[in-house]
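Written below as structure tokens is the structure these notes are about.
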Amino acid sequence: MRRIRQGDDVQVIAGKDKGRRGTVLKVLENDRVLVQNINMVKKHQKPNPYAGVSGGIIDKEMPLHISNVMLYNPASGKGDRVGFRTLEDGRKVRVYKSNNEVVDAS
């Protein structure tokens, strides 16, 4: 079970975008996450008329290492560490370490 999943609200804790928040678009297999509007780079793209892609300079997100982001806790307004707990009905859920609130609502 992953501590950070797709759709989570995260805060960047290291790098050029330190302190910014965004939503996880994708969790990649090599411990990297793609965060919306974070770690933007300019890519020079060739046109491809067969795929309908126009050429030029485009902005795109690049992946960050998963250790450089923390799950955002709306109760404290900061990034928070994540732990796991098993509920009475046998479900394993993620919890914030600072206040032991359950992350997963369902």
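The values are calculated or read from the model by the stated rules, or taken from the named source; none is laboratory data. Since the structure is predicted, the reported quantities are computational estimates derived from the model, not experimental observations. Glycine gets a Cβ as well: all are built from the backbone with ideal geometry, and neighbour counts include every protein chain shown. For accessibility, only protein heavy atoms count, side chains too; no ligands or nucleic acids. Shrake-Rupley method; radii C 1.70, N 1.55, O 1.52, S 1.80 Å.
Numerical summary
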{"item": "Region 17-44: number of residues that are modelled with pLDDT of 95 or more and either open to solvent by less than 80 Å² (accessible area, probe 1.4 Å) or assigned to a loop (DSSP other than H, G, I, E, B) (or both)", "result": "19"}
{"item": "Residue in region 41-61 that is among the basic types (Lys, Arg) and under 30 Å from LYS92 (Cβ atoms) present", "result": "no"}
{"item": "Residue satisfying all of: in region 3-16; part of a loop (DSSP other than H, G, I, E, B) and in contact with a helix residue (DSSP H, G or I) (Cβ under 9 Å, 6 or more places away or on another chain); farthest from PHE84 (Cα to Cα) among these", "result": "GLY15"}
{"item": "Per-region count, region 3-16, residues under 23 Å from LYS92 (Cα atoms) and either surrounded by 13 or more Cβ atoms within 10 Å (Cβ to Cβ) or out of contact with any Lys or Arg (no Cβ under 9 Å at 6 or more places or on another chain) (or both)", "result": "7"}
